[in-house]
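The values are calculated or read from the model by the stated rules, or taken from the named source; none is laboratory data. Source: prediction; values computed, not measured. Note that each Cβ is placed from the backbone with ideal geometry, even for glycine, and that neighbours are counted across all protein chains shown. Keep in mind that these areas ignore ligands, DNA and RNA; they rest on the heavy atoms of the full protein, side chains included. Shrake-Rupley method; radii C 1.70, N 1.55, O 1.52, S 1.80 Å.
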Amino acid sequence: IALKTDGRNKHEVVKDIPLEVSLFDANYQKVSTTTLTTNNFGSVAGSFVIPVGGLTGQYHLSIQSKKGISAQKYFRIEE
């Protein structure tokens, strides 16, 4: 969920903002990128296909927007 904050305790959902979401493999090589747009609740939904026979280990998603939103989420791929 994309939120905007004023630096204090006020948070506001960011809606209708395009986000570039990139998938990186265990060697920090970009596997795929897609653009998703936040809905009225500030959330997005999408999916990536992990390459068959690809590396196992720690992958991550990187999220960026032209509005200054950025985030990363790490996860593991096992056999």
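How many of the residues making up the range 57-75 are of a type in the set (Ser, Thr, Tyr) and either open to solvent by 70 Å² or more (accessible area, probe 1.4 Å) or touching a helix residue (DSSP H, G or I) at 6+ places or on another chain (Cβ under 7 Å) (or both)? Explain how you work it out, then say what you get.
Filtering the range 57-75 for residues of a type in the set (Ser, Thr, Tyr) gives 59, 62, 65, 70, 74.
Right, trim to either open to solvent by 70 Å² or more (accessible area, probe 1.4 Å) or touching a helix residue (DSSP H, G or I) at 6+ places or on another chain (Cβ under 7 Å) (or both) and you get 70, 74.
Number satisfying all stated conditions: 2.
Between a residue in the range 9-38 that is closer than 19 Å to Gln58 by Cβ and any residue that is of a type in the set (Lys, Arg) and modelled with pLDDT of 95 or more, which pairs come within a Cβ distance under 8 Å, given they are 6 or more apart or on different chains?
From residues that are closer than 19 Å to Gln58 by Cβ, the pairs are Ser22/Lys30; Leu23/Lys30; Phe24/Lys30.
For the range 51-76, which residues satisfy the criterion of being among the β-branched types (Val, Ile, Thr), in contact with a strand residue (DSSP E or B) (Cβ under 6 Å, 6 or more places away or on another chain) and modelled with pLDDT under 95?
Thr56
Quick one: would you say Thr5 is in contact with a strand residue (DSSP E or B) (Cβ under 7 Å, 6 or more places away or on another chain) and modelled with pLDDT of 90 or more?
On the way: in contact with a strand residue (DSSP E or B) (Cβ under 7 Å, 6 or more places away or on another chain): yes; modelled with pLDDT of 90 or more: no.
Answer is no for this residue.
Do you know which of the residues in the range 26-56 that are over 18 Å from Glu78 (Cα atoms) and not polar (S, T, N, Q) is least open to solvent (accessible area, probe 1.4 Å)?
In this case the residue turns out to be Gly42.
Residue-by-condition table, conditions (1) of a type in the set (A, V, I, L, M); (2) within 10 Å of the chain's Cα centre (by Cα):
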{"site": "Phe41", "(1), (2)": "no, no"}
{"site": "Phe48", "(1), (2)": "no, no"}
{"site": "Val52", "(1), (2)": "yes, no"}
{"site": "Lys66", "(1), (2)": "no, no"}
{"site": "Ala71", "(1), (2)": "yes, yes"}
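Quick test of your reading of the structure: Leu23 fulfils all but one of (1) surrounded by 12 or more Cβ atoms within 10 Å (Cβ to Cβ); (2) at pLDDT below 95; (3) out of contact with any Lys or Arg (no Cβ under 6 Å at 6 or more places or on another chain). Name the failing condition by number.
Against the list (1) surrounded by 12 or more Cβ atoms within 10 Å (Cβ to Cβ); (2) at pLDDT below 95; (3) out of contact with any Lys or Arg (no Cβ under 6 Å at 6 or more places or on another chain), Leu23 comes up short only on (2).
Going by the structure shown, is Thr5 open to solvent by 40 Å² or more (accessible area, probe 1.4 Å), under 10 Å from the mean Cα position of the chain (by Cα) and not basic (Lys, Arg)? Walk me through how you get there before you give the answer.
Numbers: open to solvent by 40 Å² or more (accessible area, probe 1.4 Å): yes; under 10 Å from the mean Cα position of the chain (by Cα): no; not basic (Lys, Arg): yes.
When the stated conditions are applied, Thr5 does not pass them.
Could you list all residues from the range 39-60 that are under 14 Å from Ala2 (Cβ atoms) and touching a residue at least 24 places away in the same chain (Cβ under 8 Å)?
Those that are under 14 Å from Ala2 (Cβ atoms) and touching a residue at least 24 places away in the same chain (Cβ under 8 Å): Asn39, Asn40, Phe41, Gly42, Ser43, Val44, Gly46.
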